[in-house]
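See below for the structure under consideration.
Laboratory data are not the source of any read-out in this text; all were calculated from the coordinates shown. Note that the structure is predicted; figures quoted are calculated from it, not measured. Reconstructed Cβ throughout: ideal geometry from the backbone, glycine too, with neighbour counts over all protein chains shown.
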Amino acid sequence: MRSDISRALAITPNSSARERTVDITTIGARTGRPRRIEIWFYRVDGEIYLTSTPARRSWYVNLLHHPRFTFHLKHGVRADLDALATPVDDQVRAHVFASVIDDLNQPSNPAGIPQPVEPFERWMADSPLLHVTFPEGGAR
């Protein structure tokens with residue numbers, strides 16, 4: 001993977017909202033048409049995840065039906081990455097959500113999210129979570 005792409009993906013709890021923001025293009029579960037949205041990504045133990053506050057999300061349903069998608073970097077570097085989304089088991093979910101909640105609840109939260117965020121139990125029950133990998137290893 002190119003070094004500029006690796007740097008853009010190497011966010012930390014100190015990364016700003018802007019640095020966490022990407023677009024993803026999924027394929028609609030019902031329509032089969034491309035759908036592009038803006039979303040934050042998270043990095044936990046060196047791995048990339050997509051999640052959001054507790055709610056039903058179309059992007060999540062789309063990725064469950066069509067796990068290959070495009071991950072568009074747009075801050076610091078512009079790149080369209082071929083990506084693959086996979087669900088995670090409950091043990092991984094618990095670890096990732098604990099990290100994400102700690103990140104969002106830190107006193108100097110650079111992302112500016114109102115605190116405290118939803119309780120852990122609510123995230124476990126109602127938040128989408130997918131692990132993201134880049135099988136091709138780089139940009140198109």
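The table below lists the values:
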item	result
Zone residues, region 30-51, relative to Gln106, backbone N less than 19 Å from point 7 Å out along Cα-to-Cβ	40-51
Under-5 Å amide H pairs with Ala29, H placed in peptide plane, nonlocal only	Asn62
Residue-averaged [θ]222 nm for the chain, counting only DSSP H segments that reach four residues, each worth -39500 (n - 2.57)	-8000 deg cm²/dmol
Virtual spin-label span in nm between Ile39 and Arg56, 7 Å along Cα→Cβ	1.7
Full-extension gain in nm, Glu118 to Thr12, via 0.36 nm per residue minus C-alpha separation	36.1 nm
Nonlocal amide H pairs with Gln106, under 5 Å, H built at 1.01 Å	none
Listed residues Pro119, Pro67, Pro54, most fluctuating in the chain (Gaussian network, C-alpha, under 10 Å)	Pro119
Relative pair counts by distance (%), Cα atoms of the chain, 10 Å bins	12, 44, 37, 8, 0
Relative contact order [Cα under 8 Å, 6+ residues apart], the chain, whole percent	31
